[in-house]
Structures are given as structure tokens and as C-alpha cells.
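This report concerns only the one structure given below.
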Amino acid sequence: MKVLMIYANKFAYKPTIKTLDFVPEITEAMEYNNVQVAFIQVEEKDKEKAPTKKFINFIKWLSRKNEFKTIVLHSFGHLSESKASPEFTQNILNIFEEKLKSTGFEVYQTPFGYFLDLDIKAPGYSLARVFKSM
């Protein structure tokens, strides 16, 4: 799994193109302020052993550094050539959401199976952008 974390003063999206038949129709745009955004690519190898504990520990560590408790999970299949199936990826994101909520985070997900128009305002400081391979 690959994860690109971006701390954003503003993160907004609008669904534009539905890419998967099995996901519900979503047209609502959303905006979040002062949020950590996790661009996540679940890889084929993650089917053997999903890095759930590593991911949760990484988020907890970064939240202490950047002092955040709100996170947006975004499926982003552009960080690696290896991709898990959409169904598996969606399931992993749902597990991450559940586990993070159980440890006190406020968690949101972008619409799965859509191309999105994104609007990101991100400050430039150490640890505002972090890449991790798990």
C-alpha cells in the first residue's frame, strides 16, 4: 500500500464521472477545513496481509505531529503500478474508517469509484506532505 498524506487548510471535491457500476450515484460536493487527507493506493500484495495496523499507527504518529483529529480517506490509484481490485480497496478503506473512528478520529471518505474535481489549499511546512510505503 502507498499513502500520500497532505495536510489541507481546505479540501473540497465534486464528483464528476462515475467509473464503477456497483457504487451508488453521488452528486453532492463536499468541503472540509483543517483536515489531513490520505491519498491511498491499495496494492495487489495487500490481499495477502493488509497493512491495517501499520496504517493506523502511522496516522496516530502523524496526528501527534500535525495536531489533527479529522481525516479524509481518498482512494487514489496513481501511486503505484500495482492495484488491488476495487471491491477489496473499498473494503480496506471502510476498515480504516471504522478503526480510526474507534480511536477518536473524525473520519470521512471521498466517493469511491468516481473521478473528482479537487480543490486543495495546503500550507508549506515540514510534515504537511508525507509519503509512506507500507
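Values in this text are rule-based calculations from the coordinates and carry no lab data. The structure displayed is predicted, hence computed values, not measured ones. Please note: Cβ atoms are built from the backbone with ideal geometry, for glycine as well, and neighbour counts cover all protein chains shown.
By other beta-carbon atoms within 10 Å, ranking VAL23, VAL37, VAL72 with the fewest at the front produces VAL23, VAL72, VAL37.
Think of the chain as a dipole: +1 on every Lys or Arg Cβ, -1 on every Asp or Glu Cβ, centred on the Cα centre; then among THR27, ALA12, SER126, SER126 lies furthest on the positive end. Rounded, prolate or oblate: pick one for the chain, where a ≥ b ≥ c are the square roots of the eigenvalues of its C-alpha gyration tensor, a/c under 1.5 means rounded, and failing that, prolate if a/b is larger than b/c, else oblate. In terms of gyration-tensor shape, oblate.
Dipole size in debye (nearest 20) for the range 2-133 around its Cα centre, Lys and Arg Cβ +1, Asp and Glu Cβ -1? Before the final figure, lay out each step's value.
Working: 19 positive and 16 negative charges, 151 e Å.
Magnitude of the dipole: close to 720 debye.
As a rough footprinting exposure proxy, the listed residues SER80, SER126, SER63 were ranked by other beta carbons within 10 Å of their own, and the order from fewest upward is SER126, SER80, SER63.
Listing TYR125, TYR7 from fewest to most neighbouring C-beta atoms within 10 Å gives TYR125, TYR7. Farthest toward the positive end of the dipole of the range 2-133, out of ILE40, SER85, GLY104, is the Cα of GLY104, where the dipole comes from beta carbon charges about the Cα centre.
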